[in-house]
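S.K.: First the structure, then my questions, so here it is.
Derivation of every value follows stated rules applied to the coordinates shown; laboratory data play no part. Please read these numbers as outputs of a predicted model, since none were measured by experiment. No Cβ is skipped: glycine too gets one built from the backbone with ideal geometry, and neighbour counts run over all protein chains shown.
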């Protein structure tokens, strides 16, 4: 998934305050939050008071108007987003502070720009956590209240399914966290599977990519997640996407179909959705089999489905 760049905020240029300060709390001693603080400078078009705008000045924050506070929060989140991008050490410093909890609050209650930049910052942290098992285990363990608060807010946005600037970063974040969820955590798959039926191609594609991270064999619970996707009516949506979606959506949907067929080849729902026919059709489409993963996975998925369906599902054809 291509990285999404933060929206420019209006007004003069500014460095960022810490996320804890942005949410109204105290400052963190972490190195990254110190780097993100710097001087705020003057804010064009806002009423200035003869007080410090530094995150260390609680009295100063009390005198700031709401527009100034929102501006500072947005820039703090935007700065941390840039710092976190691909940097495990920075992400570790951020997550060891109060930042995750602050981001969850800002994503829920912040002004639009604050919500957007908070969503992007969380997305970058989740992307790093996906590749870094130490960060994933420390920052997003299921028992962590901050991690649960973040997941709750990501899931809220995805469940609402409003096509706005928050939706795709939140879909991406949930996909990146796929290996942090236990088998008993059943509330994630359904809202993502519902987005496969979304009219907007970029949303459907991102939902397919996220669900693939749940269903791929690298995920220890891939069989459980594949069954959950099927139970959420994901198979019938995927059939439509493979046949009729835009090309970039077709490829993403087909990869997910291949994993599900490979993981649960004996599924009655897959037989009724004629997934084997979909795989056979896709194998004859040159642009679809150019993807290396699909090229390797599709033949195996076909063989497994043919084997199981020839044993007990002949009545479905």
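S.K.: Relative contact order (percent) for segment 66-176, with alpha-carbon contacts under 8 angstrom and 6 or more residues of separation?
M.R.: About 29 percent, as a whole number.
S.K.: Please give, to one decimal in nm, the separation of the simple spin-label points placed at residue 187 and residue 291, each 7 Å out from Cα toward the Cβ.
M.R.: For residue 187 paired with residue 291, the spin-label model returns 3.0 nm.
S.K.: Please compute the alpha carbon radius of gyration of segment 144-183, then divide it by the globular-protein estimate 2.2 N^0.38 Å. Two decimals is fine.
M.R.: Dividing the Cα radius of gyration by 2.2 N^0.38 Å gives 1.15.
S.K.: Starting from the Cα-Cα distance between residue 161 and residue 243, subtract it from 0.36 nm times their residue separation and give me the gain in nm to one decimal.
M.R.: In short, 27.2 nm is gained.
S.K.: Highest mean first, how do 121-132, 69-80 rank when packing is the count of other Cβ atoms within 10 Å averaged over residues?
M.R.: Answer by packing, highest mean first, reads 69-80, 121-132.
S.K.: Can you give me the Rg/Rh ratio for segment 113-210, using Cα atoms for both radii and the Kirkwood formula for Rh?
M.R.: 0.94
S.K.: Give me D for segment 181-316 in µm² s⁻¹, whole number, from Stokes-Einstein with Rh from the Kirkwood sum over alpha-carbon pairs, 37 °C and 0.692 mPa s.
M.R.: After rounding, the answer is 226 µm²/s.
S.K.: Under the 0.36 nm per residue contour assumption, what length would be gained going from the current alpha-carbon distance of residue 108 and residue 277 to full extension?
M.R.: Here the answer is 56.5 nm.
S.K.: Ranking request for peptides 90-101, 261-272: highest mean number of other beta-carbon atoms within 10 Å first, then the rest in descending order.
M.R.: 90-101, 261-272
S.K.: A further question follows. What FRET efficiency, computed as 1/(1 + (r/R0)^6) with R0 = 45 Å and r the Cβ-Cβ distance, is obtained for residue 133 and residue 201, rounded to the nearest 0.05?
M.R.: Step by step, r from the Cβ atoms, then E = 0.85.
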